[in-house]
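Below: one structure, written as structure tokens.
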Amino acid sequence: MQQGTLMRKVKSKSWKKQRYFKLQEDCMTIWYQSKRTGKTESAFSISDVETVREGHQSEVLQSVAEEFPPERCFTIVFYGRRGNLDLVAGSAEEAQCWVQGLHQLIEPRSFPLTFALVCRTWIRDWFQKADKNKDGRMNFKEVQRLLKMMNVDMNEDHALRLFQDADKSESGTLEGEEFVLFYKALTQREEVLSLFQEYSEDGKKLTLLELADFLREEQLEDEGTEELAMELIDKYEPSETARARHVLSADGFLMYLCSLEGSIFNPQHRGLWQDMSQPLCHYFISSSHNTYLIEDQLRGHSSIEGYIRALKRGCRCLEVDCWDGPNGEPMVYHGHTFTSKIPFREVVSTLGKTSWGNSSSPLPSMGMSPPSSHPQRYGQRTAVQGISVLPESAARRHWVAQGASLSPSPQELKHKILLKAKKIGRLEDTLDGPGDEAPDVSDDDNGAEAEEERRRAKVRGTQHASALQKDKETLAQALSDCVIYCKNVPFQGFQEAHSHSRPSEISSLSEAKARKLIRDEGNEFVRHNAWQLTRIYPSGMRTDSSNYCPQEMWNVGCQIVALNFQTAGMEMDLCDGLFSQNGCCGYVLKPPFMRDKETLFNPSDPSSREGPGPITLTIQVISGQQLPKVANSKEGAIIDPLVRVEIYGVPADQAHQETKYIENNGFNPRWDETLQFQLHVPELALIRFVVEDYDKTSRNDFVGQFTLAFANIKPGYRHIHLLSKDGTSIPPSSLFVHIRITE
């Protein structure tokens with residue numbers, strides 16, 4: 001990567017300033033300074049960078065697309081709510097140099113490198129914060145200040161002893177490697193060392209067979225444990241000599257436990273591990289509501305950034321509210337409100353560039369409220385230009401030929417965008433002629449019943465003709481032809497849907513309507529969702545963009561449970577937790593008993609589930625490591641952390657338990673408490689670990705969380721790497737737990 005590169009920092013179409021950007025010698029910090037004044041303007045750590053986007057993949061860079069070609073443009077995206085940094089390099093070569101260099105720094109090829117980078121960055125950042133006079137050395141007074149900053153309330157005599165042990169030069173200050181020694185002493189993990197020595201005969205190393213025993217007995221690895229032990233030694237043992245002898249040191253053991261293999265999340269489930277050849281209706285699909293909004297629902301800002309963020313987060317169902325615009329050009333915004341507007345063509349352009357970055361799975365629903373006035377039918381035709389909708393294909397012909405019994409699979413629809421909107425007639429009408437024919441009533445039927453059925457069919461036919469005529473008046477044929485697998489239809493009851501709807505149709509329900517159906521007709525709802533898609537959306541009263549709990553909708557198999565992705569909280573934690581598996585493709589296969597159209601399952605009655613009985617989940621919460629301070633806390637304040645484990649699932653499984661709080665220790669708290677839960681329908685359960693700062697006079701403050709599906713839990717001694725309120729990583733903060741699952 002080049003150093004001292006002159007680039008343009010872009011904030012808007014009219015604000016483009018030249019700045020020198022330079023990677024510091026530690027390869028962990030980038031600073032930039034004004035070309036005109038030479039004054040350093042800002043600096044940021046590599047650990048703050050979430051990703052780098054190439055080309056015009058931000059609203060700001062799209063606004064200057066005519067001025068600067070995409071090969072010179074890139075965007076640095078930060079964790080949390082910090083704004084993006086949009087840059088224009090002097091040449092395509094310079095842009096590539098920075099993009100590739102940043103990718104290598106933020107996406108190391110192996111976890112050990114990531115772990116080492118995190119530790120180095122963590123140590124360096126704390127050193128710089130505590131070194132008040134910037135002389136590159138730290139005296140004991142500065143160390144005491146550092147301990148407060150790091151959430152450590154340590155006895156002064158003990159702190160002085162650690163300081164003196166690390167001060168090898170006996171200069172009264174710590175610098176360079178001396179501070180690293182101090183940090184290592186500070187972060188000594190007694191609970192991990194005790195576990196290591198339990199399996200180590202000499203207390204200094206684990207032989208290949210000793211490590212294999214640990215993996216088999218504690219981590220419940222039942223196949224190829226010796227081969228796995230060898231892989232872990234080669235991967236995590238820092239000493240070349242120990243690797244050559246096929247042994248694992250205490251440092252290597254800790255490195256393994258902090259790695260992806262030592263995580264509570266089953267590493268085999270991080271990739272694409274589920275069957276993707278089932279019909280669309282057999283999957284839960286990551287879905288957003290009013291995707292274009294990044295604030296509230298009434299006056300919020302509409303931005304293509306909402307689409308980019310949702311797609312990067314694994315969302316596969318986006319909402320595009322398309323309304324009448326000037327000069328026949330459709331605009332995207334929240335209709336009948338004061339939200340800002342963005343041209344539809346910008347949304348289409350963005351989707352074309354970013355839809356397949358994280359996943360090749362189809363976008364099964366790009367919901368549209370099409371322009372409604374007759375003059376805007378030209379706008380409707382222009383709206384569909386440039387959208388890669390599903391063409392006439394073998395998958396579509398096969399599906400129709402089979403009598404439309406089920407929808408096609410994500411595998412068949414890879415790299416397709418499916419439009420969810422109104423349609424003129426039905427797909428069968430378009431391909432094969434009129435669809436709703438009068439029923440064939442045999443002579444043996446009861447006369448009154450037959451006459452009543454004829455009357456109902458006639459009413460349906462009249463209603464269908466009326467609706468068809470209305471659609472023809474307001475919809476452009478070009479837009480209608482794009483709607484294939486997701487035709488919007490009103491929900492008129494499960495019996496009506498079973499008798500007259502098609503798998504190519506989809507109904508949208510408000511959260512309140514869905515709750516009523518769950519309460520009154522839970523089993524019918526599950527059966528309906530086994531063959532047709534259902535979309536749930538937030539109440540119109542949620543003008544602040546708050547969210548409802550998605551779990552109750554997943555409990556009855558609703559596939560498209562739309563949430564406000566811009567609003568952090570428990571609801572989005574559950575969404576992220578469910579869809580963090582299966583390669584983050586945005587699709588999760590429903591359990592077998594929810595894919596059967598004749599299922600007896602009802603979430604209000606766990607005994608209706610076919611399969612084994614309840615299981616017991618036992619969680620020993622052992623310790624925490626380097627927990628972050630509470631946002632906006634007072635200087636010198638140290639948290640009193642507790643851990644709460646929450647279970648989300650069917651009503652009978654909903655539960656939570658918590659540990660006691662540890663006073664004044666956010667650095668290395670020890671709980672050693674055991675929590676136990678019984679799960680009746682573990683296939684639907686989500687487990688949420690929450691760390692809070694206890695407060696006896698007011699509500700506890702959020703510190704960090706991690707959520708995952710029960711199916712993805714790896715038993716044994718595991719680390720839980722905590723996430724912030726908005727779902728971003730906060731390394732190296734973690735919990736150390738022991739998990740057991742019994743029937």
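The values are calculated or read from the model by the stated rules, or taken from the named source; none is laboratory data. As the structure is a prediction and not an experimental result, all values here were calculated from the model. Counting neighbours? That spans all protein chains shown, and the Cβs are built from the backbone with ideal geometry, glycine included. Ligands, DNA and RNA are excluded from the accessible area calculation, which covers all protein heavy atoms including side chains. Shrake-Rupley method; radii C 1.70, N 1.55, O 1.52, S 1.80 Å.
Structure summary
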{"read-out": "Test: residue in region 652-675 that is over 30 Å from residue 152 (Cβ atoms) and touching a residue at least 60 places away in the same chain (Cβ under 8 Å)", "value": "no"}
{"read-out": "Residue match in region 173-183 (condition: under 26 Å from residue 242 (Cα atoms), open to solvent by 30 Å² or more (accessible area, probe 1.4 Å) and in contact with a His (Cβ under 8 Å, 6 or more places away or on another chain))", "value": "no"}
{"read-out": "Residue check, residue 190 more than 34 Å from the chain's Cα centre (by Cα) and free of Cβ contacts under 8 Å to residues at least 12 places away in the same chain", "value": "no"}
{"read-out": "Residue in region 92-104 that is modelled with pLDDT of 90 or more and in contact with a helix residue (DSSP H, G or I) (Cβ under 7 Å, 6 or more places away or on another chain) present", "value": "yes"}
{"read-out": "Only listed residue being not in a helix (DSSP H, G or I) and not assigned by the TED database to the domain that holds residue 668, chosen from 210, 201", "value": "201"}
{"read-out": "Meets criteria (modelled with pLDDT under 95, in contact with a Leu (Cβ under 6 Å, 6 or more places away or on another chain) and closer than 24 Å to residue 664 by Cβ) for residue 150", "value": "no"}
{"read-out": "Residue satisfying all of: in region 529-553; open to solvent by 10 Å² or more (accessible area, probe 1.4 Å) and touching a Phe, Trp or Tyr at 6+ places or on another chain (Cβ under 8 Å); farthest from residue 603 (Cα to Cα) among these", "value": "542"}
{"read-out": "Residues of region 598-613 that turn out to be at pLDDT below 95, at negative phi and in a loop (DSSP other than H, G, I, E, B), as a count", "value": "4"}
{"read-out": "Residue ID - surrounded by the most Cβ atoms within 10 Å (Cβ to Cβ), chosen from residues in region 706-728 that are among the charged types (D, E, K, R) and modelled with pLDDT under 95", "value": "725"}
{"read-out": "Filter result for residue 182 (without any contact (Cβ under 8 Å) to a residue 40 or more places away in the chain, among the aromatic types (Phe, Trp, Tyr) and touching a strand residue (DSSP E or B) at 6+ places or on another chain (Cβ under 9 Å))", "value": "yes"}
{"read-out": "Boolean, residue 731 is over 16 Å from residue 669 (Cα atoms) and at pLDDT 95 or above", "value": "no"}
{"read-out": "Residue satisfying all of: in region 599-615; of a type in the set (Ser, Thr, Tyr) and open to solvent by less than 30 Å² (accessible area, probe 1.4 Å); farthest from residue 689 (Cα to Cα) among these", "value": "599"}
{"read-out": "Residue 8, sole failed condition from (1) open to solvent by less than 60 Å² (accessible area, probe 1.4 Å); (2) at pLDDT 90 or above", "value": "(1)"}
{"read-out": "Residues of region 184-200 satisfying the condition of being buried (at least 17 other Cβ atoms within 10 Å of the Cβ) and basic (Lys, Arg)", "value": "189"}
{"read-out": "Sole exception among (1) surrounded by fewer than 17 Cβ atoms within 10 Å (Cβ to Cβ); (2) modelled with pLDDT under 90 for residue 277, by number", "value": "(2)"}
{"read-out": "Options 203, 271, 262: the member that is under 27 Å from residue 580 (Cα atoms), touching a helix residue (DSSP H, G or I) at 6+ places or on another chain (Cβ under 6 Å) and open to solvent by 10 Å² or more (accessible area, probe 1.4 Å)", "value": "271"}
{"read-out": "Residue that is nearest to residue 729 (Cα to Cα) [pool: residues in region 58-84 that are modelled with pLDDT of 90 or more and open to solvent by 80 Å² or more (accessible area, probe 1.4 Å)]", "value": "71"}
{"read-out": "Selection from region 25-57 of residues that are surrounded by 14 or more Cβ atoms within 10 Å (Cβ to Cβ), modelled with pLDDT under 90 and among the small types (Gly, Ala, Ser)", "value": "34, 45, 47"}
{"read-out": "Residue in region 570-588 that is out of contact with any Ser or Thr (no Cβ under 9 Å at 6 or more places or on another chain) and in a helix (DSSP H, G or I) present", "value": "yes"}
{"read-out": "Single match in 587, 548 (criterion: of a type in the set (Phe, Trp, Tyr) and without any contact (Cβ under 8 Å) to a residue 40 or more places away in the chain)", "value": "548"}
{"read-out": "Failed item in (1) farther than 20 Å from residue 422 by Cβ; (2) in contact (Cβ under 8 Å) with a residue 24 or more places away in the chain; (3) surrounded by fewer than 22 Cβ atoms within 10 Å (Cβ to Cβ), with residue 335 passing the rest", "value": "(1)"}
{"read-out": "Residues located in region 686-743, provided they are out of contact with any strand residue (DSSP E or B) (no Cβ under 8 Å at 6 or more places or on another chain) and among the basic types (Lys, Arg)", "value": "696, 699"}
{"read-out": "Residue in region 673-690 that is at pLDDT 95 or above, of a type in the set (Ser, Thr, Tyr), touching a His at 6+ places or on another chain (Cβ under 9 Å) and open to solvent by 20 Å² or more (accessible area, probe 1.4 Å) present", "value": "yes"}
{"read-out": "Counted residues, region 492-509 - those being open to solvent by 30 Å² or more (accessible area, probe 1.4 Å) and under 30 Å from the mean Cα position of the chain (by Cα)", "value": "1"}
{"read-out": "Candidates 225, 241, filtered to the one that is open to solvent by 90 Å² or more (accessible area, probe 1.4 Å) and free of Cβ contacts under 8 Å to residues at least 24 places away in the same chain", "value": "241"}
{"read-out": "Matching residues, region 326-339, being out of contact with any Ser or Thr (no Cβ under 7 Å at 6 or more places or on another chain), assigned to a loop (DSSP other than H, G, I, E, B) and under 20 Å from residue 298 (Cβ atoms)", "value": "334, 336, 337, 338"}
{"read-out": "Residue tally, condition of a type outside the set (A, V, I, L, M, F, W, C), part of a strand (DSSP E or B) and free of Cβ contacts under 8 Å to residues at least 60 places away in the same chain, over region 617-645", "value": "1"}
{"read-out": "Residue that is free of Cβ contacts under 8 Å to residues at least 12 places away in the same chain and either closer than 28 Å to residue 647 by Cα or of a type in the set (Gly, Ala, Ser) (or both), where the choices are 480, 499, 539", "value": "499"}
{"read-out": "In region 308-332, residue most open to solvent (accessible area, probe 1.4 Å) [restricted to those that are within 20 Å of residue 542 (Cβ to Cβ) and within 18 Å of the chain's Cα centre (by Cα)]", "value": "309"}
